[in-house]
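The values are calculated or read from the model by the stated rules, or taken from the named source; none is laboratory data. These figures come from a predicted structure and were not determined experimentally. Every residue, glycine as well, gets a Cβ built from its backbone with ideal geometry; the counts of neighbours run over all protein chains shown. Just the protein is used for accessible areas: all its heavy atoms, side chains included, with ligands, DNA and RNA removed. Shrake-Rupley method; radii C 1.70, N 1.55, O 1.52, S 1.80 Å.
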Amino acid sequence: MGEAPEVFYINGFSKFGHETQQQNHVNDQNHESSWYEEMIDEDLKWSFKLNSVLHKAISEYQDIALLDTKPFGKALVLDGKMQSAETDEFIYHECLIHPPLLCHPKLVQLFDFLETSQDCVHNGGGEGSAAREALKHRSIDRVVMCDIDKEVVDFCRKYLIANREAFSDKKLDLVINDAKAELVKRKEKFDIIVGDLADPLEDGPCYQLYTKSFYEKTLKPKLNDNGIFVTQAGPAGIFTHKEVFTSIYNTIKQVFKYVIAYTTHVPSFADTWGWVMASDQPLSICAEEMDKRIATRIDGELLYLNGAWFHSSTTMNKTVYQSLQNETHVYTEENARFIPGHGMAFRL
């Protein structure tokens, strides 16, 4: 029998407990047998081999790991949940950012609401990927990116080279704060609000930002009349879509007049993923018009999204479609749904 592999369990840290932070490589003896492991569902885990561990720490809010993986390149892991990976993070962030920006008739301001309320596990803004995609739009005057965890922002700035230009862009207003509080205190309204929240985990307060009361009382009042809200909505696979995806969709339908759900496969998430876009103005845009707006509005090239893909992404298979139509659950603080895993409160 060979040497037992080193495994990164669901809290994002090694079973064998290397203490050194910002180390460049896993211990040489374990280099060829180091693996990251994550719970996908209660009865399903998956793992992949690592090249190195670039950084690991425990901040005030969450466990943090930045891994160099063999199949997906650099990967950000918070509280044992894969947040983004170098080889396919553009899929996730193009799906999140560009549909609402392209649907908006005349976009000038965006609140990059990529984080969560205080004491909640979160992801997105700190790595700068969503800001990078938003700043590709020539019509953008300002992007407000809010992240509660300065430590995540700092090490993503250091290690994620692809986003360094976004962090230094003069249009970016980077705020280290609780995003809910930041929304409440700001007097202005926005054309687009983006929610790149962590998935709702049991024992963590993040689920409160998927509730009807949050959408209705905090978020919607900060949108302009023709404003658009978009949020990531969790796993949307044939076996996982009822965890939170259908509930988030149905909850947003209680608050906005026009709501669109769309999905695509994200390789590093090991599942199909879902997003929900909403507005009080019609969101209809044909594939040809979306391609025209891409050509006229965007600097650079999109690697994944075009008009035909976006329209195809809103067509669900029979099972998921029926689940979306038949869903009656409304997300509230008292009646929340969760995906497998635990937040920081679980370890207190």
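Taken over the range 131-159, the criterion of being over 16 Å from the mean Cα position of the chain (by Cα) and assigned to a loop (DSSP other than H, G, I, E, B) is satisfied by Leu135, Lys136, Arg138, Ser139, Ile140, Asp141.
Just one of the listed residues (Tyr210, Tyr258) is of a type in the set (Ser, Thr, Tyr) and open to solvent by less than 40 Å² (accessible area, probe 1.4 Å), and it is Tyr210.
Can you say whether Val175 is aliphatic (A, V, I, L, M), touching a Leu at 6+ places or on another chain (Cβ under 8 Å), at pLDDT below 90 and not in a loop (DSSP other than H, G, I, E, B), as far as the supplied structure shows?
no
For the residues Ala166, Ala162, the requirement of being open to solvent by less than 50 Å² (accessible area, probe 1.4 Å) and aliphatic (A, V, I, L, M) singles out Ala166.
A single entry from Leu101, Leu67, Leu107 fulfils the requirement of being modelled with pLDDT under 85 and either part of a loop (DSSP other than H, G, I, E, B) or aliphatic (A, V, I, L, M) (or both): Leu107. Check the range 313-327 and report whether any residue there is surrounded by 15 or more Cβ atoms within 10 Å (Cβ to Cβ), modelled with pLDDT under 85 and in a loop (DSSP other than H, G, I, E, B). No, because not a single residue in the range 313-327 is surrounded by 15 or more Cβ atoms within 10 Å (Cβ to Cβ), modelled with pLDDT under 85 and in a loop (DSSP other than H, G, I, E, B). Pairs are defined by a Cβ separation below 6 Å, a sequence spacing of at least 6 or placement on different chains, a first member in the range 182-201 that is over 25 Å from Tyr61 (Cβ atoms), and a second member that is charged (D, E, K, R) and at pLDDT 85 or above; the pairs so defined are Lys189/Lys222. Here is the figure for the range 211-242: residues that are in a helix (DSSP H, G or I), within 18 Å of Ala130 (Cβ to Cβ) and under 18 Å from the mean Cα position of the chain (by Cα) total 1. Checked against (1) at pLDDT below 85; (2) more than 23 Å from the chain's Cα centre (by Cα), Met39 passes all but a single condition, namely (2). Picking from residues in the range 178-207 that are in a strand (DSSP E or B) and within 17 Å of the chain's Cα centre (by Cα), the one that is surrounded by the fewest Cβ atoms within 10 Å (Cβ to Cβ) is Leu201. Buried (at least 18 other Cβ atoms within 10 Å of the Cβ), within 30 Å of Lys74 (Cβ to Cβ) and in contact (Cβ under 8 Å) with a residue 12 or more places away in the chain - does that describe any residue in the range 221-229? Yes: one or more hits. Within 25 Å of Leu303 (Cβ to Cβ) and at pLDDT below 90: does that describe Leu44? No, not satisfied.
Provide a single number: the residues in the range 145-154 that are out of contact with any helix residue (DSSP H, G or I) (no Cβ under 8 Å at 6 or more places or on another chain) and within 25 Å of Leu303 (Cβ to Cβ).
Residues meeting the conditions: 0.
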